[in-house]
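The structure appears below as structure tokens.
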Amino acid sequence: MLRSVNVLRGTAVHATDGLIGDVHDLYFDDHKWIIRYYVVDTGKWLPGRKVLISPHVIQPPDSREEWLPVALTRAQIENSPDTDTDRPVERQAEASLYDYYGWTPYWFPLEPAPQIMVQGDAAERESVATAGQAGGDPHLRSAKEVIGYHVAASDGEIGHVEDFLIEDQKAEIRYAVVDTRNWLPGKHVLITPKWIKEVKWAESKVFVNVTQEAVRKSPEYISLDMLDGGYESRLHKHYGYPIEWL
């Protein structure tokens, strides 16, 4: 199911035995465009603390989609290693977190995305600790930060990133929502990560492999309700790219 990051931010998060806080941010891999962590602000429960939660312990939302269940207990979260989310996340901190929960680290060879596993043996835990000495993941980015970045087509600017749409079951970013109001007033368009040529982080700018004219004529994005197979087919056909997930 596709979800808006802007809508997810602020959504209440419940452990198996009670409320733990709300979604503050999402960290994603800017190479694979996979969600690595939900950043949860624990609010009044653990004041001044934000914790990292793997998307693979996030359960389907309640029937009214008002809160997200997490397959962890409050005690597990309370006793988890502290992580400074106001700075780039160090690999050592990630390793400590994965070791604590018994998860298979996503940076392991042949592991394209984080997967939950039973508690590893001593050799695996030692591998996690060793990996933690190498510094942070240079591809780990904040969705909250990237929203607002300027977006440039192959022949000029087209707008800015307003939102991300994520596929929660696969924990991946499916689309960036681009607001073209400074160029095409009132229109929003969708761009997939596959069409992104480069992101210049120092310039806060995203470069995409499409032209301004293609964006001008692209099917307009209005809301998640319109994202059925027909709309996505029209969108990809317009840009001349196949749909890999349909």
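Readers should treat all values here as calculations from the given coordinates under stated rules, not as data from a laboratory. Everything numeric here is computed off the predicted structure, so don't read it as measured data. Note that each Cβ is placed from the backbone with ideal geometry, even for glycine, and that neighbours are counted across all protein chains shown.
Observations
- FRET efficiency, Gln59 to Lys197 (Cβ-Cβ, R0 45 Å, nearest 0.05): 0.80
- Looking at segment 147-239, the DSSP beta bridges with both ends there are about 85 percent antiparallel.
- Using a Förster distance of 51 Å, the FRET efficiency for Tyr100-Arg216 (Cβ separation, nearest 0.05): 0.55
- Identified option (computed Cα extents along the principal axes in Å; candidates (1) 70, 42, 32; (2) 61, 51, 29; (3) 56, 40, 34): (3)
- Legend: calculated FRET efficiency, Asn79 to Ala12, from the Cβ-Cβ distance at R0 = 25 Å, rounded to 0.05, equals 0.70.
- Between Tyr231 and Lys205, the simple label model (points 7 Å from Cα in the Cβ direction) yields a spacing of 3.1 nm.
- Angle in degrees between helix 91-101 and the longest Cα principal axis of the chain, rounded to the nearest 10: 60
- Measuring against 27 Å, Cα to Cα, the residue pairs Lys170/Lys197; Lys32/Lys144; Lys50/Lys187; Lys50/Lys197; Lys144/Lys197; Lys194/Lys217 contain Lys50/Lys187; Lys50/Lys197 as the ones spanning a longer distance.
- Helix-only CD estimate at 222 nm, as mean residue ellipticity for the chain, using -39500 (n - 2.57) per DSSP H run (n ≥ 4): -5000 deg cm²/dmol
- Once the Cα atoms are used to define both axes, helix 122-131 deviates from the longest principal axis of the chain by about 50 degrees.
- Centre-to-centre separation between the Cα atoms of segment 155-178 and those of segment 61-94: 23 Å.
- The chain: angle of helix 229-239 to the longest principal axis, Cα-based, in degrees nearest 10: 60
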